[in-house]
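Just so it is clear, none of the values below were taken in a lab; they were calculated from the coordinates. Not measured: the values here are computed from a predicted model. Here the Cβ is made from the backbone with ideal geometry for all residues, glycine too, and neighbour counts use every protein chain on show.
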Amino acid sequence: MPSANRETLVLTLPPDPALARLTRLATLHFLRQNGVRAMAARRGARAVERQAKALLRPSSRPNGRTQGAPLDLVLTAGASTLDVVVRRGARKKASRLARTDPRGPR
């Protein structure tokens, strides 16, 4: 059950590697809006884009046609952490791409 102080943003993308840049832009904006410093936010967003690009490639079928489930990018802001998770299709297990502390190193 999600707690009352959690904010969640979900971005659903079709399986097209050209859309990976959208994951970077959404992640960068989300991290910056939640207090992550600029350099750390850019680094995290680039890592998310790199991993999302591979996940957005549609799988090839033997007959030459391609198929792929949409990719859900789930950005969650909690009290002490920010999570970036991807899920391919409703039945697939989620993979965490990034987790950060918005307060930064102490």
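Tabulated data
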| quantity | calculated |
| --- | --- |
| Burial ordering of Thr76, Thr12, Thr27, fewest other beta-carbon atoms within 10 Å first | Thr12, Thr76, Thr27 |
| Under Karplus coefficients 6.51, -1.76 and 1.60, residue-wise ³J(HN,Hα) of the stretch 39-55 in Hz, glycine/proline x | 5, 5, 5, 5, 4, x, 5, 5, 5, 5, 4, 4, 6, 5, 4, 5, 6 |
| Potential extension, Asn5-Leu25 segment - 0.36 nm per residue separation minus Cα distance | 4.8 nm |
